[in-house]
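Report on one structure; see the data block that follows.
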Amino acid sequence: MKYKLVSVPLTSEHWNTQYTGHGAVEFASKTQKHLLISPKYPQNEKETYAALVTLKATEQRPLKDYVVEVEVTSQKQLRPENPNEWEVFWFFGNYRMGDNGKKEANYFLSKPRTGIELGRVYQEVGQDFLSTYSRPQLHLGERSRWTFYKRGQRFRVYKDRQLIMDYTGRTPRQELYDHPGTFGLYSEDALVLIHSFKYTPL
């Protein structure tokens, strides 16, 4: 299938900061080409901080099916000792606030030691794991291009143009969220650089 991706500038005119995690969200400018997301450094194992930006265009016109291409670097995990595997960049798709005022979204992340993970997040800290693979593992500081293709219950993931996950939800407990929503770029206890973002509806 052929499709044309539209590039979205990484500026505040195109993205909303939902929260900064008491840290920094710095949009691209004349002197900075990337979007920087860096929540506050946690000082102990009980502290955790996260930051989220969402795409304005898909807040105004939510999408159910899409292709997204994002170039990103999980530059550094911020926890000084024993950082957790999930303290990296996360992609959110179909992100919305449900009838109870709590979030609902599909997510994907790549982790340093245990590979890749697809799932759903909901309410404050609710999470369902849908699919995991031990490869490829994330290399901190490495710039990668991720492509996410969602149509109905099928979700494909490409890393640097190579297919690494092809998932289909077949039962209610395995289903992706299939409602219209926006896109989110999320960091949990990590310094993340977003270099480019492109998408198209399907």
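The values are calculated or read from the model by the stated rules, or taken from the named source; none is laboratory data. Here the structure is a predicted model, which means the values were calculated and not measured. Using ideal geometry, Cβ is built from the backbone for each residue, glycine included, and neighbour counts are taken over all protein chains shown. Areas reflect the complete protein model, heavy atoms only, side chains present, ligands, DNA and RNA absent. Shrake-Rupley method; radii C 1.70, N 1.55, O 1.52, S 1.80 Å.
See the values below:
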| read-out | value |
| --- | --- |
| Distance between modelled label sites at Lys64 and Lys76, nm, 7 Å Cα→Cβ extension | 4.4 nm |
| Those chymotrypsin sites (Phe, Trp or Tyr not before Pro) in region 86-157 that DSSP places in a loop and that have at most 10 other beta carbons within 10 Å | none |
| Low-density loop cleavage sites - GluC sites (Glu not before Pro) in region 113-202, where at most 10 other Cβ are within 10 Å (DSSP) | Glu124 |
| The chain: calculated mean residue ellipticity at 222 nm from DSSP helix runs of at least 4, using -39500 (n - 2.57) | -500 deg cm²/dmol |
| Accessible surface of the chain [probe 1.4 Å, protein heavy atoms]: carbon and sulfur percent | 46 percent |
